[in-house]
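> Structure incoming, see below.
Each reported figure results from applying straightforward, stated rules to the coordinates on display, with no laboratory input. Bear in mind the structure is a predicted one, so any value in this text is a computation, not a measurement. No Cβ is skipped: glycine too gets one built from the backbone with ideal geometry, and neighbour counts run over all protein chains shown.
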Amino acid sequence: MKLFSKEVKDMNELNKVIKNNNEISKKYEVAVIVYAFDEENKIIFQRRGQGCRDEQLKLETIGGRVKKSDMDFRTALQREIEEEVGTEANIELQEFIVATYAKTFDVRNNKEQDWIYLVYKGNS
């Protein structure tokens, strides 16, 4: 479900935007994602590992869970890019695209997980 298309900086701003949305579970997690394009304007995907909590072995865009220690969402995404593809990837973050809400199944904990995905565009 699409939530909004105006960028929010951090958890405080996100909470203000969604506070009156009764469709969102109170136990959501936030993930940041980049639709990164290479020099030929092809999107860059990565394959999820077998040890992932959800979406195992699927091709996905780059990104991941926001941690409490992340100062803001763009910082969280830079951290995730470095963790997942390394510093050599040299992905430049550009504009915010959209925020969406979805549920996945967490196989490690055998339960559904609610997610807010914050999606950005990037170039390598």
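> Once the Cβ-Cβ distance between K121 and E82 is put in as r, and R0 is 30 Å, what FRET efficiency do you end up with, to the nearest 0.05?
The calculated FRET efficiency here is 0.95.
> If you don't mind, another one. Using the Kirkwood formula on the Cα atoms of the chain, what hydrodynamic radius do you get, in angstrom to one decimal?
Here the Kirkwood hydrodynamic radius works out to 15.1 Å.
> Right, next: Suppose every Lys and Arg Cβ carries +1 and every Asp and Glu Cβ carries -1, with no other charges. What dipole size does the chain come out with about its Cα centre, to the nearest 20 debye?
That gives the chain a dipole magnitude of about 660 debye.
> Moving to a separate point now. Within the chain, what's the longest run with no GluC sites (Glu not before Pro) in a DSSP loop and at most 11 other beta-carbon atoms within 10 Å? Give the range, please.
In the chain, the maximal stretch lacking such sites is 41-124.
> Shifting gears a bit: What length, rounded to one decimal in nm, is gained on full extension from S25 through to S69, with 0.36 nm per residue of separation minus their alpha-carbon distance?
Stretched out fully, the S25 to S69 stretch lengthens by 13.6 nm.
> Full-extension gain between S5 and K58, please, as 0.36 nm times their residue separation minus the C-alpha to C-alpha distance.
Stretched fully, the S5-K58 segment lengthens by 16.5 nm.
> Can you tell me the relative contact order of the chain? Whole percent, Cα pairs under 8 Å, sequence separation 6 or more.
For the chain, the relative contact order is 36 percent.
> Summing -39500 (n - 2.57) over the DSSP H runs of n ≥ 4 in the chain and dividing by its residue number, what mean residue ellipticity at 222 nm do you reach, to the nearest 500 deg cm²/dmol?
-5000 deg cm²/dmol
> Then there's this: Efficiency by 1/(1 + (r/R0)^6): what FRET value for Q50 and K103, r their Cβ-Cβ distance, R0 = 35 Å, to the nearest 0.05?
0.95
> Of the options T100, Q46, T61, report the single residue whose Cα projects farthest towards the positive end of the charge dipole of the chain (beta-carbon charges: Lys, Arg +1; Asp, Glu -1).
Working it through, the farthest residue towards the positive pole turns out to be T100.
> Which of the lysines could a cross-linker bridge to K67, judged by Cα under 18 Å and excluding same-chain residues fewer than eight apart?
K9, K26, K27
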